[in-house]
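The values are calculated or read from the model by the stated rules, or taken from the named source; none is laboratory data. Everything quoted here is computed from the prediction, not taken from an experiment. Don't worry about glycine lacking a Cβ; one is built from the backbone with ideal geometry, like all the others, and counts go over all protein chains shown. Surface accessibility is based on the protein's heavy atoms, side chains included, excluding ligands, DNA and RNA. Shrake-Rupley method; radii C 1.70, N 1.55, O 1.52, S 1.80 Å.
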Amino acid sequence: MATVSEFTFSNFIKSVLWLLFWVLMIVSLIALPILFIVLFYVPPPVINGVEINPYLLLTMLTNPQVGAPLIRPTLDSLFFRIAVFPGFTFAALFATVLIFAERKFLAKMQLRVGPYHAGREAFWWANSLGGFLQLIADLLKLLGKEIIVPSGADKPIFWAAPVVLVIAAAGLIALIPVAPGWVIADIDVSLLAVFALLGFFPLTVLLASYASNSKYPFIGGLRALYQLISYEIPLILAVLPIVILASTLSLTGIVEAQYAYWFILLVPIGAFVFFITALAELERIPFDLPEAESEIVAGWLTEYSGMTYGLIQLANYIKMYALSALFTTLFLGGWMGPEFLPGVEVFGVEVLSSSETSGIFWFTIKTFGVALFMILVRGTNPRVKIDVLLRAGWSKLIALSFINVFIAVALLYLGVVGVGP
Amino acid sequence: MGASASFEPLLWMLLFGVVASVPALIVAKMIAPRRRFFNPVKFMPMECGQVPSGEGRTRFMMQYYSYVLMFVVFDVMTIFLYAWGASLFGLPRFVTLPIIVFLAILGAALGYAMYLSSRRDIW
């Protein structure tokens, strides 16, 4: 049992000195050696032929003009792309905005207010946002909660499942082009890679549910498996017309093929089927059978608590961003749109061109619109039964996607699009 | 550029997923409260407040088996169609005919299986 010492001034001074001692110890024993090792043994990064040493960094503080030619090469580096812009930080920020938008938008649809108080009076401009700091409060709450692993659980799989979900979601966002040239992994078969990564999610869900050693998660995991069986084939077939019309499996190539018209105008049935199956893939409300909170407590998430639950939710919302972005890329023309935004220049050096800023703007707007539409569907629909989902998936959605394929082939052979031989 | 070179950023991204998620778990482990004494009730599987009965990994009825069987067949078919669809521009028109025959055979099989799937006693 911890003893609570009496609050006196001497105890206060003692505790402050004690804290200071530990800070000094940690700095001198851990931080300083790491700093020295980095300074002495790690070679400084060379960007655009210029060695970035500490002197140059200090010079940039007083004279930012020195650093201006180095900005664009930094933006082009693989680490920046993976960690910040089209990569993880952008996706996580988008996911955060989506969570907040979902809470406010759902509350509006259900005649509630939603998050209201947190952060309302923190800044003068935050008054109209209303409760946007609730997300930070939730994050701190999740960080501070005890992670309970149920007895009899398969511990390695139980701990690995949230990490695997985040990894698969990160792999999805690596494949999606955000603006001309702004894609992390420009693979010529990136569409197939997307399908391969999407297959990881239900399998991980099944593993997590089996590892929990509990009844509700197990039922939820099996439902995830049946859901996979019902939506996977329509999902893959709905994109086939896009591949036929664009004649490439690369997502960048698919966006570039839509420079004149969006594919949703040519194959609207495919867009409809893809949207429905994306909802099923995301386990969102018409198809949230694996985590149906009114039937099987929280489905496969039941035994997850604290930060493991937080990571699973992060992966879910990154996946929602990725699938909205995929819908935008495949059917809504990706970054294509009027180039009206000016480029970004720093001290006369062009950092982002006009086409890049406009591309990022249009991509973000379209993706956010698709995600809002998903939230709209969530707010207005009840959950379907598993046999209804299976029968609808196999008889209606597959038939629709086959019709869609024939429409694409007919468009090609009638000479409406492309140059048939 | 070889295939491995273009897949390399994807692998780095997957690694970054680990780098971004594992520290969150470690920090949560560090700052979250720990158990002072072992309370077995806390670590029971969740069963809405009841004492759990039986095993967690229960036996279950294998429902919808017909769909599972059909999935094994038709999931492979979709990837065959991708190989055809991606190269359709460069192919002469008569090559589409075998694909249509292939689709007809599989479609007829799918229709028959869907017709039979409503009869429980067959599956």
Hits in segment A:199-210 (condition: surrounded by fewer than 24 Cβ atoms within 10 Å (Cβ to Cβ) and more than 8 Å from every other protein chain (Cβ to nearest Cβ)): A:Gly199, A:Phe200, A:Phe201, A:Pro202, A:Leu203, A:Leu206, A:Leu207
Checked B:Val68, B:Val18 against criteria (within 30 Å of A:Thr89 (Cα to Cα), facing another protein chain (nearest Cβ under 9 Å), among the β-branched types (Val, Ile, Thr) and in a helix (DSSP H, G or I)); the one match is B:Val18
Identify all residues within segment B:81-92 that are more than 7 Å from every other protein chain (Cβ to nearest Cβ), without any contact (Cβ under 8 Å) to a residue 12 or more places away in the chain and assigned to a helix (DSSP H, G or I); write none if there are none. B:Ala83
Subset of segment A:211-225, residues out of contact with any helix residue (DSSP H, G or I) (no Cβ under 6 Å at 6 or more places or on another chain), open to solvent by 20 Å² or more (accessible area, probe 1.4 Å) and on the phi < 0 side of the Ramachandran plot, comes to A:Lys215, A:Tyr216, A:Ile219, A:Leu222
Taking segment A:43-76 and keeping only residues that are within 24 Å of A:Ile184 (Cβ to Cβ) and open to solvent by 80 Å² or more (accessible area, probe 1.4 Å), one is left with A:Val46, A:Asn48
Any idea which of B:Ser21, B:Ser66 is polar (S, T, N, Q) and more than 30 Å from B:Met114 (Cα to Cα)? B:Ser21
Kindly evaluate A:Phe7 against the criterion of being open to solvent by less than 60 Å² (accessible area, probe 1.4 Å) and either out of contact with any Pro (no Cβ under 6 Å at 6 or more places or on another chain) or closer than 30 Å to A:Tyr321 by Cβ (or both). no
Checking the structure you have, find out if any residue of segment A:293-316 is aromatic (Phe, Trp, Tyr), more than 30 Å from A:Ala68 (Cβ to Cβ) and buried (at least 21 other Cβ atoms within 10 Å of the Cβ). yes
Looking at segment A:162-174, which of its residues are at the interface with another protein chain (Cβ under 7 Å from one of its Cβ atoms) and closer than 21 Å to A:Phe361 by Cα? A:Ala174
Collect the residues in segment B:32-63 that are within 25 Å of the chain's Cα centre (by Cα) and of a type outside the set (A, V, I, L, M), keeping them in residue-number order. B:Gly56, B:Arg57, B:Thr58, B:Arg59, B:Phe60, B:Gln63
Restricting to segment A:128-156, count the residues that are under 18 Å from A:Leu314 (Cβ atoms), open to solvent by 50 Å² or more (accessible area, probe 1.4 Å) and at the interface with another protein chain (Cβ under 10 Å from one of its Cβ atoms). 3
Looking at (1) at the interface with chain A (Cβ under 9 Å from one of its Cβ atoms); (2) modelled with pLDDT under 80, can you tell me which one B:Leu110 breaks? (2)
Can you pull out every residue in segment A:238-251 that is within 14 Å of A:Leu198 (Cβ to Cβ) and either of a type outside the set (Gly, Ala, Ser) or within 7 Å of chain B (Cβ to nearest Cβ) (or both)? A:Val239, A:Leu251
Out of (1) surrounded by 22 or more Cβ atoms within 10 Å (Cβ to Cβ); (2) at pLDDT 90 or above; (3) in a helix (DSSP H, G or I), the one A:Trp159 does not meet is (1)
Does A:Pro150 count as more than 21 Å from the chain's Cα centre (by Cα), in a loop (DSSP other than H, G, I, E, B) and either without any contact (Cβ under 8 Å) to a residue 12 or more places away in the chain or in the same structural domain as A:Met336 (by TED's automatic domain parsing) (or both)? yes
Going by the conditions given, is A:Gly171 open to solvent by less than 20 Å² (accessible area, probe 1.4 Å), without any contact (Cβ under 8 Å) to a residue 60 or more places away in the chain, assigned to a helix (DSSP H, G or I) and not β-branched (Val, Ile, Thr)? yes
Answer from A:Ala238, A:Ala260, A:Ala246 - the residue that is out of contact with any strand residue (DSSP E or B) (no Cβ under 9 Å at 6 or more places or on another chain) and either without any contact (Cβ under 8 Å) to a residue 12 or more places away in the chain or surrounded by fewer than 22 Cβ atoms within 10 Å (Cβ to Cβ) (or both): A:Ala260
